[in-house]
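Worksheet for the structure shown next.
The values are calculated or read from the model by the stated rules, or taken from the named source; none is laboratory data. Bear in mind that the values here come from a model prediction, so they are computed numbers and not experimental data. When we count neighbours, we look across all protein chains shown, and the Cβ atoms used for this are built from the backbone with ideal geometry, even at glycine.
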2 protein chains.
Amino acid sequence: MHRTAVKKVVLEGVLDANEALAQANREKFDQAGNYVINLMSSPGAGKTALLERTLERVRGRLRLGVLEGDVQTTLDADRLARFHIPLVQVNTESGFGGECHLDANMVRSGLGELPLSDIDVLVIENVGNLVCPAEFRVGEDTRVMVYSVTEGEEKPLKYPLMFRSADLVLVNKIDLLEHLDFDLELFIANLEAVNPGVSRMLVSARTGRGVDEWCSWMERRKPT
Amino acid sequence: MHRTAVKKVVLEGVLDANEALAQANREKFDQAGNYVINLMSSPGAGKTALLERTLERVRGRLRLGVLEGDVQTTLDADRLARFHIPLVQVNTESGFGGECHLDANMVRSGLGELPLSDIDVLVIENVGNLVCPAEFRVGEDTRVMVYSVTEGEEKPLKYPLMFRSADLVLVNKIDLLEHLDFDLELFIANLEAVNPGVSRMLVSARTGRGVDEWCSWMERRKPT
């Protein structure tokens, strides 16, 4: 019991500091005129693949920038480098055993590498993790979750915090539906149970299905 | 910088406490004669489905017990309840925003509900998360990872800590290979890069492929 109590106090302190730094990020974004998306998911749900499909479509219409968060490697940033967009990789490994999320300070440390005034929409691709990233605001306008149908129907109930905090859920890998025992209606019902009325789109980064709809959603949010 | 320094000190304290409690769990397991598996994976990689297939096969040959870790719900435990095995669910939601892993103290709190002396092999099904569970020993003999081929080839490089600490990797959902662009050889090469020589098995909880081999592996570890 003692450990829990100590930890709680400390982590509230960390969250206070995070909130202040998130606010500072927010002010930078407002000055530069950025709409900022915190993109979250489990590992391997397809965030980077979806960004690749997105970048192929929006070039010339929307100035997209990306901040990539990963525990280690620049693999994801390397995949996006061919689009010649403003792009920075933040590795969280210098923290305790490799931080399992991006916090406002990590995002802040990456912002200096980005020409914010040349960006309409900044996508912050969070570390692949269905729990921890949801606890840390980074100054975003909105939270978008990518969820892969290979992960099962019950995850909204088991990991409610992230599903509850999402403004839009992109249900990805929909092309695999015919090869899985995934019950889409049950998943939607579970999602509705924790986040009633949340927007969602069925997408496939592999076939391109739904990606236009997602790009339009983003373009409608382009700051004027 | 200040935040990081403070955090480091506190978390080392937490890990010291965890180590002491893990040792206490270990002594209980030794007294009862349990072989203990810490089963880890991303969310939705198929840990529970694999346990279902396992329990169908080993009944009568191996006395399996399960400690289920989840942020919320008893959904996983409910799925295993039909096997009438020693089974307990530990929910981590009472912690800070829902703890993203099991630690030694959470496991300890569940052990009182299990008849340890009636168990040969205890499987501790950790919270679905590719980062945080790897940082916390819970008194286990071995660490087994379930990895789904839907998660991509590069994850061992991006999340090296868990892959490095695994003693066996069960490469699951192998039945989906023909529908994916997953390069199995590249995944194995990435796995070898962070954990040279680690044991692995190709399995499918859906078709049953490889499950006998995994059950044999477990039976060979039954304490005598």
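Just checking, does the stretch A:123-137 include any residue being part of a helix (DSSP H, G or I), farther than 22 Å from A:Arg164 by Cα and not basic (Lys, Arg)? Break it down stepwise before answering.
From the stretch A:123-137, those part of a helix (DSSP H, G or I) are A:132-135; that's our starting set.
Of the ones still in play, those that are also farther than 22 Å from A:Arg164 by Cα are none.
Looking for residues that are part of a helix (DSSP H, G or I), farther than 22 Å from A:Arg164 by Cα and not basic (Lys, Arg), one finds none in the stretch A:123-137, hence no.
Could you tell me which residue of the stretch B:119-151 is surrounded by the fewest Cβ atoms within 10 Å (Cβ to Cβ), considering only residues that are away from chain A (no Cβ under 14 Å) and touching a Pro at 6+ places or on another chain (Cβ under 7 Å)? Walk me through it before giving the result.
Keep residues of the stretch B:119-151 that are away from chain A (no Cβ under 14 Å), which gives B:119-124, B:138-144.
If we keep only those that are touching a Pro at 6+ places or on another chain (Cβ under 7 Å) as well, we get B:119-120.
Working: B:Ile119: 23, B:Asp120: 20.
Among them, the one singled out is B:Asp120.
Test B:Ser216 against the stated conditions and say whether it is surrounded by fewer than 15 Cβ atoms within 10 Å (Cβ to Cβ), among the polar types (S, T, N, Q) and either within 20 Å of the chain's Cα centre (by Cα) or not in a helix (DSSP H, G or I) (or both).
Details: surrounded by fewer than 15 Cβ atoms within 10 Å (Cβ to Cβ): yes; among the polar types (S, T, N, Q): yes; either within 20 Å of the chain's Cα centre (by Cα) or not in a helix (DSSP H, G or I) (or both): yes.
So B:Ser216 fits the description; yes.
Each row is one residue, and each column tells you yes or no for (1) over 16 Å from A:Glu140 (Cα atoms); (2) within 10 Å of chain B (Cβ to nearest Cβ); (3) at pLDDT below 95.
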{"residue": "A:His2", "(1), (2), (3)": "yes, yes, yes"}
{"residue": "A:Val6", "(1), (2), (3)": "yes, yes, yes"}
{"residue": "A:Val9", "(1), (2), (3)": "yes, yes, yes"}
{"residue": "A:Asn18", "(1), (2), (3)": "no, yes, yes"}
{"residue": "A:Ala22", "(1), (2), (3)": "no, no, no"}
{"residue": "A:Arg26", "(1), (2), (3)": "no, no, no"}
{"residue": "A:Leu39", "(1), (2), (3)": "no, no, no"}
{"residue": "A:Ser42", "(1), (2), (3)": "yes, yes, no"}
{"residue": "A:Gly46", "(1), (2), (3)": "yes, yes, no"}
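Kindly evaluate A:Gly69 against the criterion of being in contact with a Phe, Trp or Tyr (Cβ under 9 Å, 6 or more places away or on another chain), within 11 Å of another protein chain (Cβ to nearest Cβ) and either modelled with pLDDT under 95 or not in a helix (DSSP H, G or I) (or both). Spell out the reasoning first.
On the way: in contact with a Phe, Trp or Tyr (Cβ under 9 Å, 6 or more places away or on another chain): no; within 11 Å of another protein chain (Cβ to nearest Cβ): yes; either modelled with pLDDT under 95 or not in a helix (DSSP H, G or I) (or both): yes.
Against the criterion (in contact with a Phe, Trp or Tyr (Cβ under 9 Å, 6 or more places away or on another chain), within 11 Å of another protein chain (Cβ to nearest Cβ) and either modelled with pLDDT under 95 or not in a helix (DSSP H, G or I) (or both)), A:Gly69 does not qualify.
Residue by residue, here is whether (1) buried (at least 18 other Cβ atoms within 10 Å of the Cβ); (2) in a loop (DSSP other than H, G, I, E, B); (3) of a type outside the set (Ser, Thr, Tyr) holds:
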{"residue": "B:Glu153", "(1), (2), (3)": "yes, yes, yes"}
{"residue": "B:Phe163", "(1), (2), (3)": "yes, no, yes"}
{"residue": "B:Val171", "(1), (2), (3)": "yes, no, yes"}
{"residue": "B:Leu176", "(1), (2), (3)": "yes, no, yes"}
{"residue": "B:Asp181", "(1), (2), (3)": "no, yes, yes"}
{"residue": "B:Glu185", "(1), (2), (3)": "no, no, yes"}
{"residue": "B:Ala189", "(1), (2), (3)": "no, no, yes"}
{"residue": "B:Glu192", "(1), (2), (3)": "no, no, yes"}
{"residue": "B:Pro196", "(1), (2), (3)": "no, yes, yes"}
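For the stretch B:92-111, state whether one or more residues are more than 25 Å from B:Trp214 (Cα to Cα) and basic (Lys, Arg).
yes
Collect the residues in the stretch B:98-118 that are away from chain A (no Cβ under 14 Å), free of Cβ contacts under 8 Å to residues at least 40 places away in the same chain and either among the β-branched types (Val, Ile, Thr) or touching a strand residue (DSSP E or B) at 6+ places or on another chain (Cβ under 7 Å) (or both), keeping them in residue-number order.
Listed by number, the list holds a single entry, B:Glu113.
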